[in-house]
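Participant: Here it is, the structure in full.
Any read-out appearing in this document is the output of simple, stated calculations on the displayed coordinates, not a laboratory observation. Every value quoted in this text rests on a predicted model; they were computed, and no experiment measured them. Here Cβ is always computed from backbone atoms with ideal geometry, including for glycine, and neighbour counts include all displayed protein chains.
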Amino acid sequence: MLGGIPRHVGVIMDGNGRWASLRGLPRVEGHKRGAERAKDVIEAALEIGIEVLTLYAFSMENWQRPRQEVSTLMELLKLYLSKELLELLHKGISFRVIGDRSRLPEEVQKVIEEAEKYTSSASRLTLVTALSYGGRDEILRAIRKIIKQGLRPEELNEEVFESALDTAGLPPVDLIIRTSGEKRLSNFLLWQGAYSELYFTETLWPDFTKEEFLYAIQDYQRRERRFGAIMPISTES
Ligand code: IPE
Ligand code: IPE
Ligand code: MG
């Protein structure tokens, strides 16, 4: 018997550079094509009723890449957001960014703020983009916030801590998909993914299809999640 649809799915969209190199193209061509694939996955998430979709678009460590690649990625993001804002609104998608946005170029921060503001009351799907994001950095920033609030040690529990994370109010991530054959988390949702199911595929992100996304969801639905107990535990809402 198949289990329920995951409430929250995270995707590590990896392999853009290799996809381009294999074709003798510059890496940025892979990023462009990758942005198109993100649209397909958002569409699929809407169709099957996923509540939250988190796309890992740019990690804290990705700041180390050549300046040219970083700036093209930022441009692509700005372009994509300004182009798709109406579409997001139309589809009932609420947009949100997690990560240290203070490091992003000012114009990018502005577009993000606008998109967040205009889509804040949408409720069909929450589309989270992890941008300038690192799980360790997020945890440290949360601790700093808590210390600043003057919380006493005995007042700290998981709930309080979670409310200081960038993902405050979102359910834990049920399934993490990573493309391109790498089998690691690369600093993605470290706290939130404590009990995530993991799905790895060799497919490079620019070749990832809606069908493969749906296949990954089905694979998840066949799994037994025990959370350390003996009987499977359901996470359906
Ligand atoms: C993922 O693809 C996109 C980002 C990290 C921004 P990569 O750019 O990491 O592509 P590969 O892994 O080098 O092929
Ligand atoms: C992880 O991919 C980050 C994103 C997909 C945005 P990377 O390509 O940066 O990760 P590593 O270097 O292979 O661990
Ligand atoms: Mg990579």
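Participant: Whose amide H sits under 5 Å from the amide H of Phe95, counting only residues 5 or more places off or on another chain, with H placed in the peptide plane?
Facilitator: Hits under the 5 Å cutoff: Thr119, Leu127.
Participant: Shifting gears a bit: About its Cα centre, how strong a charge dipole does the chain have in debye, to the nearest 20, once Lys and Arg get +1 and Asp and Glu get -1 at the Cβ?
Facilitator: 460
Participant: Right, something else. Stretched out fully, how many nm does the piece from Glu87 to Met231 gain, at 0.36 nm a residue minus the Cα gap?
Facilitator: Computed gain between Glu87 and Met231 is 47.6 nm.
Participant: Moving on. Please report, largest first and rounded to whole Å, the three semi-axes of the ellipsoid equivalent to region 153-232, where each semi-axis is the square root of five times an eigenvalue of the C-alpha gyration tensor.
Facilitator: 28, 17, 11
Participant: While we're on this one: At what distance in angstrom do the alpha carbon centres of region 163-205 and region 1-80 lie from each other?
Facilitator: 13
Participant: Now, a different point. Picking from Ile48, Ile139, Ile230, whose Cα lies most toward the positive end of the charge dipole for the chain (charges on Cβ: Lys, Arg +1; Asp, Glu -1)?
Facilitator: Most positive-ward Cα: Ile139.
Participant: Distance check, please: which entries in Lys117/Lys210; Lys148/Lys183; Lys78/Lys117 exceed 25 angstrom between their Cα atoms?
Facilitator: Among Lys117/Lys210; Lys148/Lys183; Lys78/Lys117, the Cα-Cα distance tops 25 Å for Lys117/Lys210; Lys148/Lys183.
Participant: Assuming R0 = 35 Å, what is the FRET efficiency of Glu36 and Trp63, from their Cβ-Cβ distance, to the nearest 0.05?
Facilitator: Plugging the Cβ-Cβ distance into 1/(1 + (r/R0)^6) gives 0.90.
Participant: Separate question: Using only the alpha carbons of region 1-152, determine the length spanned along each of the three principal axes and report them from longest to shortest in whole angstroms.
Facilitator: Rounded to whole Å, the extents work out to 57, 41, 35 Å.
Participant: Taking 0.36 nm per residue of sequence separation and subtracting the Cα-Cα distance, how much length would be gained by fully extending the chain between Leu190 and Arg222, in nm to one decimal?
Facilitator: Additional length available on full extension: 9.1 nm.
Participant: Starting from the Cα gyration tensor of region 19-58, take the square roots of the eigenvalues, sort them a ≥ b ≥ c, and report rounded, prolate or oblate (rounded when a/c is under 1.5, otherwise prolate if a/b is larger than b/c, else oblate).
Facilitator: Prolate shape, in that a/c is at least 1.5 and a/b is the bigger ratio.
Participant: Would you mind calculating the gained length between Met1 and Val160 on full extension (0.36 nm times residue separation, minus the Cα-Cα distance), in nm to one decimal?
Facilitator: Taking Met1 through Val160 to full extension adds about 53.6 nm, to one decimal.
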